[in-house]
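Data block below; observations after.
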Amino acid sequence: MVLHADSFIAQFCRFRKSRISKIRRSIALEPEADYERTSHGGGGCEDPRITFVEPLQRYVMTYAALSSVGPRIAFAISEDLIHWKRLGLATFAPYEGIDFVHVDNKDASLFPIAISNHCGKMQMALLHRPLFPGTRPEETACCNGPREVNLDHESIWISYCPMPEKGQEPEHLGLFNSHHRLAAPVAPWARLKIGAGTPPILTRHGWMIIYHGVSKMNGSSNEAHHFCYSAGVMVLSKEHPRKILYRSAEPILIPTLPQERIGTIGNVVFPTGIDRRDDLGTPDRFDVYYGMADNRIGVARLDLPDFLPSGGVAAEPKGKV
C-alpha cells in the first residue's frame, strides 16, 4: 500500500492493491456492428462501464465502439449481465457552437437514477470526455512549458437526455441535448488529459467518481512508457452533480506495482468499475477495479472518511498549466 502525505489521501483513502484472477465465462460483446468495425477488419468494444439504471431496472453498458471514423460512445442493455442487446451509438445535439457528433468520444458512464438538468428536468445523465483535435496526451505533451487549456475541448462533460419509459426496455437512447462542462485538467498529475473513470456512485457526501489523469513521465527515454495514467477522486453534489464538492489535488492511485508499470501500455492505472461493499455491512467501503498496464485487472479498496477535507475543490485554470 502506498500512501501520500496529501491530506486527502490521509483522510479519505486507504488502498490495498491486489491482482484479480478470475475465470472468464463468456464474451459480453465483440465487434459485430458496423460502428464497431474498421474497414480493414479490425475494430473494438472497449473500456466498458456498467451501471444499474434504476428506472429501467436494467444494466446499461457504455463502451467505446472503435470503427474507421474513430472511437464513439455506444450503449448495450442487459437483465443479467450475461446477455446483452446493443442500443447503438450515443447521439448529441450541438452546444454553443461545440460539435459533439463528429469528434472522437470515450470514457463514458451513466448515473444510476434520473438527474435534474439545468432546467430542472429529471433526465438520464452521461459523463463523457470528447477527444477534440489537439487534446490527446501525445498532442498536449508537445508543449514543453506551460500551456493554455481549452476549457471547452479538454473537459469532462455531463450531458442529459430524456429518461426512457419506466419498466420498458428501450430500443435506443434519446438525443443528449442538454450539456454542462464539468471539470478541466488542473493538477500537474493530470496536466495532459483527464477523463471519467468509474460510474458515479452515491455516498453520504455526494456522487463519487474515480477519474483518470495523464502526465508526462520525467526522464523517460522509452516512448512506450512516455505517459503516466493515475487516478483521482471527485465528489459531486447529490442534488446538482454539476457542482464539484471535492476534487483531489494529488492522485489517490498511481502505477507502482510491476504489473502496473510493465505491460501492453506501461505506467497505467485505469479505473472503470466500483462496488460498494454492502455485503460486508460496510457501506462506506468500496472496491475499485482498474486496468493494470492494459494487461491485467487490479482492485483497490477505498474507505470513505467521516468528513470531506476542507479546501478540496480544485480551481479552474485561469492561465497556463
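The values are calculated or read from the model by the stated rules, or taken from the named source; none is laboratory data. Owing to the predicted nature of the structure, the values given are computational and were not obtained by experimental measurement. Here Cβ is always computed from backbone atoms with ideal geometry, including for glycine, and neighbour counts include all displayed protein chains.
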Considering only residues that are among the acidic types (D, E) and farther than 24 Å from P112 by Cα, which ones fall in the range 250-301?
E250, E260, D294
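Being among the polar types (S, T, N, Q) and within 17 Å of the chain's Cα centre (by Cα) is the filter here; which residues of the range 114-141 pass it?
Just the residues of the range 114-141 that are among the polar types (S, T, N, Q), to begin with: 116-117, 123, 135, 140.
Result: T135, single match.
May I ask you to verify whether H102 is part of a loop (DSSP other than H, G, I, E, B), crowded, with 16+ Cβ neighbours inside 10 Å and either of a type outside the set (G, A, S) or in contact with a helix residue (DSSP H, G or I) (Cβ under 8 Å, 6 or more places away or on another chain) (or both)? Write out each step before concluding.
Details: part of a loop (DSSP other than H, G, I, E, B): yes; crowded, with 16+ Cβ neighbours inside 10 Å: no; either of a type outside the set (G, A, S) or in contact with a helix residue (DSSP H, G or I) (Cβ under 8 Å, 6 or more places away or on another chain) (or both): yes.
Answer is no for this residue.
Go through N144, N117, N150 for me and flag whichever is touching a Ser or Thr at 6+ places or on another chain (Cβ under 6 Å), modelled with pLDDT under 95 and on the phi < 0 side of the Ramachandran plot.
Values: N144 fails: touching a Ser or Thr at 6+ places or on another chain (Cβ under 6 Å); N150 fails: touching a Ser or Thr at 6+ places or on another chain (Cβ under 6 Å).
Of the residues listed, the single one that is touching a Ser or Thr at 6+ places or on another chain (Cβ under 6 Å), modelled with pLDDT under 95 and on the phi < 0 side of the Ramachandran plot is N117.
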When the range 21-59 is checked residue by residue, the ones that are at pLDDT below 75 and either of a type in the set (G, A, S) or surrounded by 12 or more Cβ atoms within 10 Å (Cβ to Cβ) (or both) are S21
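Can you find, within the range 267-290, the residue that is surrounded by the fewest Cβ atoms within 10 Å (Cβ to Cβ) among those that are of a type outside the set (D, E, K, R) and at pLDDT below 95?
Taking the range 267-290 as the starting set, the residues that turn out to be of a type outside the set (D, E, K, R) are 267-274, 280-283, 286, 288-290.
Applying the additional criterion that residues be at pLDDT below 95 yields 280-283.
Details: L280: 9, G281: 7, T282: 12, P283: 12.
Restricting to residues being of a type outside the set (D, E, K, R) and at pLDDT below 95, the top hit is G281.
Considering every residue within the range 162-184, establish whether at least one is farther than 26 Å from M61 by Cβ and in contact with a helix residue (DSSP H, G or I) (Cβ under 9 Å, 6 or more places away or on another chain). Before you say what the answer is, go through the steps one by one.
Keep residues of the range 162-184 that are farther than 26 Å from M61 by Cβ, which gives 184.
From what's left, in contact with a helix residue (DSSP H, G or I) (Cβ under 9 Å, 6 or more places away or on another chain): none.
Scanning the range 162-184, I find no residue that is farther than 26 Å from M61 by Cβ and in contact with a helix residue (DSSP H, G or I) (Cβ under 9 Å, 6 or more places away or on another chain), so the answer is no.
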Residue that is out of contact with any Gly (no Cβ under 8 Å at 6 or more places or on another chain) and within 24 Å of V233 (Cβ to Cβ), where the choices are P94, P133, P188
P188
All but one of (1) closer than 25 Å to N267 by Cα; (2) aliphatic (A, V, I, L, M); (3) surrounded by fewer than 24 Cβ atoms within 10 Å (Cβ to Cβ) hold for L175; state the number of the condition that does not hold.
(1)
State which residue is nearest to T198 (Cα to Cα) when the search covers only the range 250-295 and only residues that are touching a helix residue (DSSP H, G or I) at 6+ places or on another chain (Cβ under 7 Å) and small (G, A, S).
A293
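Would you check if A231 is at pLDDT below 95 and either surrounded by 15 or more Cβ atoms within 10 Å (Cβ to Cβ) or of a type outside the set (D, E) (or both)?
Working: at pLDDT below 95: no; either surrounded by 15 or more Cβ atoms within 10 Å (Cβ to Cβ) or of a type outside the set (D, E) (or both): yes.
When the stated conditions are applied, A231 does not pass them.
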Neighbours by Cβ (under 6 Å, 6+ apart or cross-chain): first from the range 245-271, in a loop (DSSP other than H, G, I, E, B); second among the hydroxyl-bearing types (S, T, Y):
P251/S230; I254/S230
